[in-house]
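Worksheet: the structure to be examined is printed underneath.
The values are calculated or read from the model by the stated rules, or taken from the named source; none is laboratory data. All values derive from a computational prediction rather than experimental measurement. Positions of Cβ are generated from backbone atoms using ideal geometry, with glycine treated the same way; all protein chains shown enter the neighbour counts.
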Amino acid sequence: MRDVFIEIWESIRRNKLRTCLTGFAVAWGIFMLIVLLGAGNGIMNMANSNMEGINVNTMEVYGSTTSKPYGGFKQGRYIELDEQDIRLTAGPAFTDHIDDVSASLTQSGFKMTYGKRYFDITLDGVYPDFASLNQMEIVAGRFINPSDIKGMRKVLVITHQQARNFLGGKENYASLIGQRVKVGNLSFKIVGIRRSAENENDSIIYTPYTTLRGIFAKSDKIDMLSFTFHGLETEEQNEAFEKEYRQVMNRRHNAAPDDERAIWIFNNFTSFMQMNKGTHILEVFLWVIGIFTLLSGIVGVSNIMLITVKERTHEFGIRKAIGAGPWSVMKLIIAESVSITAFFGYIGMVLGMIACKVLDSTVGSKPLELFGESFTVMENPSVGLDVALEATILLIVAGTIAGMIPARKAARVKPIEALRAE
């Protein structure tokens, strides 16, 4: 084995430039594979992170505009949801699948004041189960409860960012529980503090639905209806349920039962399934692009080994003339191919993982600002040890294949013809 490595070193040393250029192609291929996979993982991590605060088995229902005439009404009529829709959704018609039902009413343009500090806010009137439907994290105090709804209490659940601002940057959030703030000209009590995304300008304040409706809206209209469900495991089952639910809601609002635009339904479950399909396609696409980039370097290795065989034909003839077998010649070529591929591939892999770290410290940790919104493009764009091992195995296999064709050609060299070669 030592003799083999000495011969490989001598061959590489005689062709430094050619070997380095070939090795660069291999290193670049594995580098791009690692970077592409890392970037893909970063995008998928970001998408999964955005879904963390969402209960997957939920649907949100909104009023929309009819797309066809029905029952004497023209198309283009706007459907407004109301409290009767809440009772209909929670009623016996859908108990086979629907669990908890909630609703919300939104009013914007308010100013919340605490001492000399203030916020421009949006009031969102909700029911107690809204927190569990949206997997909300309460960092201090509590969320809206049934007593708040029944008593139309003027209570608020604010964000931890707003609380931190009120406290002058401190985080002793519990000290704000029970404190009074002004919303417009009315006094409200803070009963809870929820966690909001650090990189987003979240100005939504939650208050009891009945309070917002009674003081500001003074009607039974709602902006959004939401519910959790069970027993719908496939896209087909979800589509069938949505069709049935939409027909019932359309009839209630005198819209065509088959009008898909009169009531708009957002299904978190099917959106999550589609996102998973999209991320899987993205992962496959990145693997394909990375592998083809890597193969371009492997083809270069194979070509270089063919040139090496041609240059050393006379040498191989002498070896075979003094008793060297075909495998002895093949082993030399394959070993040289694997050595070049593995060495430069390892360099490319290390540089690729370093590039992923740089990507994480730049794009991954610095939110982008667009149209006043802050968002993160990637989250932890990196590759795991298992992927690195898979890439290493792929390199070894590719290096072996790259050297196989030149090695077989070298093994078939006839000693007499080889000795005549110049």
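Structure summary
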item: Any hit, region 177-190, residues being charged (D, E, K, R) and touching a helix residue (DSSP H, G or I) at 6+ places or on another chain (Cβ under 9 Å); result: no
item: Residues satisfying the stated conditions in region 61-81, i.e. under 21 Å from Y209 (Cβ atoms) and crowded, with 17+ Cβ neighbours inside 10 Å; result: V61, G63, I79, L81
item: Flag for V35 being crowded, with 20+ Cβ neighbours inside 10 Å and among the hydrophobic types (A, V, I, L, M, F, W, C); result: yes
item: Matching option when the condition is surrounded by 14 or more Cβ atoms within 10 Å (Cβ to Cβ), under 19 Å from M224 (Cα atoms), touching a strand residue (DSSP E or B) at 6+ places or on another chain (Cβ under 8 Å) and small (G, A, S), among S108, S104; result: S104
item: Enumeration of residues in region 85-110 that are hydrophobic (A, V, I, L, M, F, W, C) and more than 22 Å from Q135 (Cα to Cα); result: L88, A93, F94, F110
item: Positions within region 223-282 being part of a helix (DSSP H, G or I) and aromatic (F, W, Y), in sequence order; result: F241, Y245, F269, F272
item: Pair list, Cβ under 7 Å, 6 or more apart: region 374-391 residue assigned by TED's automatic domain parsing to the domain that holds A342 and at pLDDT 75 or above, other residue outside any helix (DSSP H, G or I) and of a type in the set (S, T, Y); result: none
item: Matching strands (runs of 3 or more DSSP E) fully within region 127-205 where at least 2 residues are within 29 Å of the chain's Cα centre (by Cα), surrounded by 21 or more Cβ atoms within 10 Å (Cβ to Cβ) and in contact (Cβ under 8 Å) with a residue 40 or more places away in the chain; result: 155-159, 186-194
item: Test result for T362, at pLDDT 75 or above and assigned to a helix (DSSP H, G or I); result: yes
item: Test: residue in region 330-341 that is farther than 30 Å from Q247 by Cα, in contact with a Leu (Cβ under 6 Å, 6 or more places away or on another chain) and modelled with pLDDT of 70 or more; result: yes
item: Condition met for V126 (in the same structural domain as V248 (by TED's automatic domain parsing) and at pLDDT 90 or above); result: yes
item: Qualifying positions in region 1-40 - modelled with pLDDT of 70 or more, of a type outside the set (A, V, I, L, M) and within 14 Å of V338 (Cβ to Cβ); result: T19, T22, G23
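Each row is one residue, and each column tells you yes or no for (1) of a type outside the set (A, V, I, L, M); (2) touching a residue at least 40 places away in the same chain (Cβ under 8 Å); (3) not assigned by TED's automatic domain parsing to the domain that holds L17.
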position	(1), (2), (3)
N238	yes, no, yes
F241	yes, yes, yes
E244	yes, no, yes
V248	no, yes, yes
R261	yes, yes, yes
H280	yes, no, no
E283	yes, yes, no
V288	no, no, no
L295	no, yes, no
